[in-house]
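FYI, it's all coordinate maths here, none of it is from the lab. Owing to the predicted nature of the structure, the values given are computational and were not obtained by experimental measurement. Cβ sites come from the backbone with ideal geometry, for glycine too, and all protein chains shown count toward neighbours.
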């Protein structure tokens with residue numbers, strides 16, 4: 001009998017060095033805080049209708065974070081803040097989507113090493129599959145990107161829905177996931193620790209309409225009474241959410257497969273497993289591109305039996321900028337990048353507690369879609385999320401937060417199909433979607449004004465939300481006399497952090513012009 005390739009590989013790397021752990025970094029695009037481990041009695045939510053054993057295992061055997069937040073709810077700057085451990089506005093060209101930058105101007109990002117390369121330089125085998133959305137150099141170039149087995153995972157619902165034998169196609173896609181990981185492991189030296197980043201994009205728009213029910217048995221009607229109150233009651237919106245949740249389940253299924261492979265290698269307990277995402281759900285009001293919880297709060301679970309107590313629940317806010325310092329500390333490294341994040345491990349060990357953590361997250365954004373506004377102007381906002389409050393400072397309240405209302409008037413609008421598939425046609429900072437199309441189509445219906453205001457209306461200079469009374473952040477208390485002491489305290493705290501980080505937004509609106517904004521001649 002011939003020895004299989006994978007068995008040969010396992011034998012070749014048995015006896016891996018035990019002083020520094022492997023790292024399996026499972027990170028999805030546009031992944032909001034959805035997993036069955038987040039279902040909560042007495043608090044109905046979409047988490048009640050999904051089953052995510054891959055995530056739930058990591059949460060049960062490690063730590064689950066109830067309040068994890070991205071630095072910025074936009075792909076490039078969010079991912080960059082994760083690998084640098086820095087607030088997004090400190091990452092130069094990578095502070096914004098697709099990292100625009102004027103040629104000939106010094107870029108602060110050039111001086112940044114980043115977590116992956118620090119690990120590689122210290123002896124780790126590093127690699128990434130699927131989405132990067134940063135310079136390839138942050139991962140050491142094309143040689144460290146492993147897509148040899150294919151990228152059908154990124155179009156999961158479309159590929160499977162089109163197949164005659166759907167179950168066979170599902171297996172084929174998950175075999176692709178295995179194949180890419182095997183290709184990565186084939187380049188690993190004996191006893192070499194690894195860092196593998198799995199970054200699929202299937203949870204990014206657009207997924208196949210009807211795939212939630214047809215591929216995952218998710219009945220949209222079971223979402224009645226479980227949707228955020230920021231959304232109107234609509235069968236179209238529930239169906240859109242069900243399709244998204246199906247993609248979420250597909251991602252976690254792939255995560256489960258990868259963990260099982262590491263377990264079969266005999267190395268799972270010597271591997272840190274991290275599961276999270278780069279920001280909230282796309283194409284929904286207050287989701288992606290918004291600093292409110294629906295856009296900025298993400299799932300996070302970390303498993304490492306050597307250091308993390310099983311079943312640990314962290315309720316205080318943390319930021320994904322904390323991941324780089326945490327993973328580097330596990331590898332016995334420190335970052336030269338002057339990170340803003342903190343090492344989470346001391347709080348996750350036996351006897352650790354939440355008081356060892358910072359206890360708040362700083363969130364913000366500048367340019368997302370380019371151009372969403374005339375002059376390629378961003379929508380600058382910064383926020384401080386504590387355990388009890390969300391404080392938001394909108395630096396340019398005269399601008400439209402989701403972009404200009406292109407081609408949209410009270411009388412006319414783009415077609416439903418165009419609004420689903422063409423993000424550019426109206427409010428470009430909200431992805432095209434059935435939900436967006438339905439809101440536009442019904443914009444003149446009675447009772448719709450509050451929902452549209454939350455979705456894309458102009459916002460005041462300051463927002464303040466009492467989370468105990470208003471968890472979905474719908475009632476702005478910034479002008480309420482009872483909350484002025486809190487508003488002042490949080491505003492001063494936020495502004496001090498921005499000054500400490502030398503935020504370019506405070507320098508005569510530097511984000512509004514070159515080098516951050518590259519305008520055509």
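Some notes on this structure:
- Simple label model, 7 Å out from Cα along Cβ direction - residue 105 to residue 51, nm: 5.3 nm
- Both radii were evaluated on the Cα set of region 194-313; the Rg over Rh quotient, with Rh as the Kirkwood radius, amounts to 1.03.
- Relative to the longest principal axis of the Cα atoms of the chain, the long axis of helix 235-264 lies at roughly 20 degrees.
- Pairwise FRET efficiency - residue 163 versus residue 415, Cβ, R0 = 41 Å, nearest 0.05: 0.90
- Stretchable slack from residue 443 to residue 310, in nm (0.36 nm times residue separation minus alpha-carbon distance): 43.1 nm
- Working from Cα pairs under 8 Å separated by at least six residues, relative contact order for the chain is 22 percent.
- At R0 = 30 Å, FRET efficiency that the Cβ-Cβ distance of residue 43 and residue 374 yields, to 0.05: 0.10
- Helical contribution to [θ] at 222 nm, DSSP H n ≥ 4, -39,500 (n - 2.57), averaged over the chain, rounded to 500: -8500 deg cm²/dmol
- Potential extension, residue 482-residue 151 segment - 0.36 nm per residue separation minus Cα distance: 113.8 nm
- Panel note: the C-alpha atoms of region 15-133, placed on their principal axes, show extents of 56, 42, 22 Å (largest first).
- Within region 18-362, percent of DSSP bridges classed antiparallel, to nearest 5: 25 percent
- With Cα atoms, 0 to 90° folded angle of helix 166-186 axis to the chain main axis: 60 degrees
- Spin-label pair residue 461/residue 355, simplified geometry with 7 Å Cα→Cβ offset, distance in nm: 3.9 nm
- Helix 75-84 and the longest principal axis of the Cα set of the chain meet at an angle near 50°.
- Kirkwood-type radius of region 397-500, with distances r between different C-alpha atoms, in Å: 15.8 Å
- Once the gyration tensor of the Cα atoms in region 275-375 is diagonalised, the equivalent ellipsoid follows with semi-axes of 30, 16, 12 Å, ordered largest first.
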